[in-house]
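First comes the structure, then the notes that go with it.
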Amino acid sequence: MALILILPHIAIDGTVRILIMRETKKITIYEIARLAETSPRTVTRAFQKGSPINEETRERIIRIANENGYSPNQAASRIRGRELTIGVVYRNQVDVFTSEYLRGFRNAENALKDFKTRVVYKLAESDAEASAHFEKLIHDNVDGIVNFSSFNVDEDARVLLEKSRIPCITACFESNINSVSSVSVDTELKGRMACSMLSLICPQGDIAVFTGSLETSHHIAIMEGFRDEATKCGVRISDVFDTKDDEAAALGFAEKLAKEGRCKGVAFTSANSVSAIEVFQSYGYQPVIIASDVFPSLSEYIRNGVVAATIYQAPEKQGRVAIMNMYRYLS
């Protein structure tokens, strides 16, 4: 499933407008049957192991279904089955981003309440705590785990997870455990978009970039995309501030940049931006700002033009998709 991005559009008058890429309507079993020139019942049988159906027909139906993003509805069989338990291991790296992700988890949990599915949440603040949570979830015989953390799980927990064969989905961050799926934005594209927007809105002068932790592949990929696009667009990157998604670090870098006032544009490639923008405002520093995501605390800066554009990562949708994908995998 594709994530929704809000893309900026520069009008002739220079104002920034927002375009939303909307999801397409979900395809039905009847449409698959029409495309495959068969009956809906045959489509159902194509997804059932050992069902009496010609293999060539099965392969054709599966191919058409994959091409059109169709998957069979298992809701009815889930109602009759046993309860499923999905464990979520998460960290609170940036409050506004994490709260949106958790809202997505809980929205999915609420949508599944009639299908014998529950979600348990484990907050981790270190590698050791994340590892302990994994071990506890495995011992509790959960059916699946969604890992929304950037912590490294220790070898004992990884071996235990492998032996248990409990499936895991990685959400947003990279992971050192094997996953059946992952949910994230296209990180390199995100970096390219941020730089491309700055080149359009602020074609002259040096720019600075505030990143999350450059010890993670997530933010490394964003910067790689940003630098590649900068080379193509002729953008001069003056400073790259590795905030490590720490608010205090971001404030220190923001104060340094505001005092110097030499950069014409600033890109924030993590959600940790509002505090830094407040520092800019207190010093009267007014660069062209490209932010990341749309949060209540950031919205006013977008409305009044302090933030020229933003890249919408849809964290609530990412969280919802992660839980729903795990449910579909299990059911």
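Against the numbered list (1) surrounded by 22 or more Cβ atoms within 10 Å (Cβ to Cβ); (2) farther than 26 Å from Gly305 by Cα; (3) of a type in the set (A, V, I, L, M), Leu198 comes up short only at (2). Say we look at the stretch 78-104 and pick out the residues that are open to solvent by less than 50 Å² (accessible area, probe 1.4 Å) and in a helix (DSSP H, G or I); which of these is farthest from Pro296 (Cα to Cα)? Here the answer is Arg78.
Per-residue answers, yes or no, for (1) of a type in the set (Gly, Ala, Ser); (2) part of a helix (DSSP H, G or I):
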residue	(1), (2)
Gly191	yes, yes
Pro203	no, no
Leu214	no, no
His218	no, yes
Glu224	no, yes
Ala230	yes, yes
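Candidates are the residues of the stretch 105-122 that are crowded, with 17+ Cβ neighbours inside 10 Å and part of a strand (DSSP E or B); the one that is modelled with the lowest pLDDT is Thr117.
Quick one: how many residues across the stretch 209-225 are over 13 Å from Ser270 (Cα atoms), at pLDDT 90 or above and touching a Lys or Arg at 6+ places or on another chain (Cβ under 9 Å)?
Number of matching residues: 1.
Taking the numbered list (1) modelled with pLDDT of 95 or more; (2) surrounded by fewer than 19 Cβ atoms within 10 Å (Cβ to Cβ); (3) under 20 Å from Met197 (Cβ atoms) in turn, Glu255 passes all entries but (3).
Do we find a residue being open to solvent by 50 Å² or more (accessible area, probe 1.4 Å) and assigned to a helix (DSSP H, G or I) anywhere in the stretch 164-177? Before you say what the answer is, go through the steps one by one.
Pass one, the stretch 164-177, residues open to solvent by 50 Å² or more (accessible area, probe 1.4 Å): 165, 174.
Imposing the further condition that a residue be assigned to a helix (DSSP H, G or I) reduces the set to none.
No: the stretch 164-177 contains no residue that is open to solvent by 50 Å² or more (accessible area, probe 1.4 Å) and assigned to a helix (DSSP H, G or I).
Taking the stretch 273-298 as the search range and keeping residues that are among the polar types (S, T, N, Q) and free of Cβ contacts under 8 Å to residues at least 40 places away in the same chain, which one is nearest to Gln93 (Cα to Cα)? Out of the qualifying residues, it is Ser275.
Taken together, Val266, Val180, Val235, Val209 contain a single residue that is buried (at least 20 other Cβ atoms within 10 Å of the Cβ), hydrophobic (A, V, I, L, M, F, W, C) and touching a Pro at 6+ places or on another chain (Cβ under 6 Å), which is Val266. Being open to solvent by 60 Å² or more (accessible area, probe 1.4 Å), touching a helix residue (DSSP H, G or I) at 6+ places or on another chain (Cβ under 7 Å) and of a type in the set (Asp, Glu) holds for only one residue in Glu188, Glu229, Glu215, Glu260, and it is Glu188.
Inspect all residues belonging to the stretch 124-133 and state whether any of them is hydroxyl-bearing (Ser, Thr, Tyr), touching a residue at least 40 places away in the same chain (Cβ under 8 Å), open to solvent by 10 Å² or more (accessible area, probe 1.4 Å) and not in a helix (DSSP H, G or I).
No, the stretch 124-133 contains no residue that is hydroxyl-bearing (Ser, Thr, Tyr), touching a residue at least 40 places away in the same chain (Cβ under 8 Å), open to solvent by 10 Å² or more (accessible area, probe 1.4 Å) and not in a helix (DSSP H, G or I).
When the stretch 46-61 is filtered for residues that are open to solvent by less than 80 Å² (accessible area, probe 1.4 Å) and either of a type in the set (Val, Ile, Thr) or in a helix (DSSP H, G or I) (or both), the ones remaining, listed by number, are Ala46, Ile53, Thr57, Arg58, Arg60, Ile61.
The values are calculated or read from the model by the stated rules, or taken from the named source; none is laboratory data. None of these values were measured; they are calculated from a predicted model. Virtual Cβ from ideal backbone geometry, glycine too; neighbours counted across all protein chains shown. Heavy atoms of the whole protein, side chains included, go into the accessibility calculation; ligands, DNA and RNA do not. Shrake-Rupley method; radii C 1.70, N 1.55, O 1.52, S 1.80 Å.
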